[in-house]
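None of the figures in this text is laboratory data; all of them are computed from the coordinates on show. Please read all numbers here as calculations on a predicted model, not as lab measurements. Backbone-built Cβ (ideal geometry, glycine too); neighbour counts: all protein chains shown.
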Amino acid sequence: MTSVHDAQRVAVLADAQNLYHSAQSLYSRKVDYSKLLEKAVQGRELVRAIAYVIRAESPDEESFFSALRDIGFETRIKDIKTFRDGSQKADWDVGMSLDAVTLADHVDVLVLATGDGDFSRLCRHLRHEGVRTEVMAFGPSAADELAEAATTFLDASEREETFLL
């Protein structure tokens, strides 16, 4: 596999829900998305940066969505679905995977900012297609199979001062 170099075209897909819950449960802190994007790109050519977020009707979420856009992320927003039994669900696994596969023909590197093991098969597929896959996540809450499937794994827990507010 190729190493990191300036001419690489990069797409960054950030699973905001996964990152939020990891940062909160491990550190009771928030993610610094500006630093995350900077470290994901590493001076290469950014083709797309997409943050996948959930609308939960919390008071600060619209300003959060706006801040993500100001940083340079496109936002994909999904509403929480409430089922008849009162349970709730909202995730972006299929949407992120479809975007990743669609972007694969236009980039050299796909950075997945998530620790969700459901993306390990996606990483293996992209690597088979010749796309370098880089995963950024908080190691203690990241799935081992995801880290193993990626070309490289950056453990944000080893750089708390960089990735957390």
log10 of Debye I(q)/I(0), alpha-carbon scatterers only, for region 105-161 at 0.15, 0.22, 0.27 Å⁻¹: -0.37, -0.73, -1.01
Cα centroid of region 1-41 to Cα centroid of region 138-155, whole Å: 12
Cα point-scatterer Debye curve for the chain, base-10 log of I(q)/I(0) at q = 0.10, 0.14, 0.19, 0.20 Å⁻¹: -0.34, -0.68, -1.28, -1.41
For the chain, what is the charge dipole size about the Cα centre, in debye to the nearest 20, if Lys and Arg each add +1 at the Cβ and Asp and Glu each add -1 at the Cβ? 200
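Would you kindly state how much longer the chain becomes between Ser25 and Ser66 on full extension, computed as 0.36 nm times their sequence separation minus their alpha carbon distance, in nm to one decimal? Before the final figure, lay out each step's value.
On the way: separation 41, 0.36 × 41 = 14.76 nm, distance 2.41 nm.
My answer for the length gained is 12.3 nm.
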What residue among Thr102, Val31, Gln88 has its Cα farthest toward the positive end of the dipole of the chain, where the charges are +1 on Lys, Arg and -1 on Asp, Glu, each on the Cβ? Thr102
Rounded to the nearest 20 debye, what is the charge dipole size of region 4-44 about its Cα centre when +1 sits on each Lys and Arg Cβ and -1 on each Asp and Glu Cβ? 40
Residue of Val53, Val41, Val94 that the Gaussian network model of the chain assigns the largest fluctuation, springs spanning Cα pairs under 10 Å: Val94
